[in-house]
1. Per residue, how much accessible area does the chain show when a 1.4 Å probe rolls over the protein heavy atoms, in square angstrom?
2. If you roll a 1.4 Å probe over the chain with all protein chains in place, what percent of the accessible area is carbon or sulfur?
3. Once R0 is set to 30 Å, what does the formula 1/(1 + (r/R0)^6) return for the Cβ-Cβ distance between F56 and N10, expressed as a FRET efficiency to the nearest 0.05?
4. Name the residue farthest towards the positive end of the dipole of the chain from the options N49, A20, F64, assuming +1 on Cβ of Lys and Arg, -1 on Cβ of Asp and Glu, about the Cα centre.
5. Over every pair of different alpha-carbon atoms in the chain, take the mean of 1/r and invert it; report that Kirkwood radius in Å.
6. For L65 and A34, calculate 0.36 nm times their separation in residues minus their Cα-Cα distance, and state this gained length in nm to one decimal.
7. Can you give the accessible area of I29, probe radius 1.4 Å, in Å² rounded to 10?
Amino acid sequence: MSKFVEKLLNMFTTGQLVFAGLFFVAFIIAMIYAYGKDKALHNQFYKGNYKILLGFFGFIIILFLIKIFFRH
């Protein structure tokens with residue numbers, strides 16, 4: 001077992017870990033359900049959102065390249 005897992009098991013009780021796992025699963029299910037209900041609204045109001053996402057990723061890549069360029 002890794003040291004991280006060992007510390008995690010020592011830090012939380014079994015009940016807390018079970019609760020966290022069940023909460024995580026319930027949260028994911030609730031998010032999928034909510035997204036499914038709002039899908040029509042998302043299609044209507046958020047057309048072209050992928051362009052903003054691509055721009056964000058492009059900006060992060062540019063920052064990374066600038067960091068590499070000025071490091072050498």
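1. Working: 7200 Å² over 72 residues.
The answer is 100 Å² per residue.
2. On the way: 5390 of 7200 Å².
Solvent-exposed carbon and sulfur of the chain make up 75 percent of the total.
3. Values: r = 39 Å, r/R0 = 1.29.
The pair F56/N10 has a calculated efficiency of 0.20.
4. Positive-end residue among those listed: F64.
5. Working: mean 1/r = 0.0592 Å⁻¹.
Across the chain, the inverse of the average 1/r is 16.9 Å.
6. Working: separation 31, 0.36 × 31 = 11.16 nm, distance 3.79 nm.
Net length gain for the segment: 7.4 nm.
7. In the full protein context, I29 sits at about 110 Å².
The values are calculated or read from the model by the stated rules, or taken from the named source; none is laboratory data. The structure displayed is predicted, hence computed values, not measured ones. Every residue, glycine among them, receives a Cβ derived from its backbone with ideal geometry; neighbour counts consider all protein chains shown. Ligands, DNA and RNA are excluded from the accessible area calculation, which covers all protein heavy atoms including side chains. Shrake-Rupley method; radii C 1.70, N 1.55, O 1.52, S 1.80 Å.
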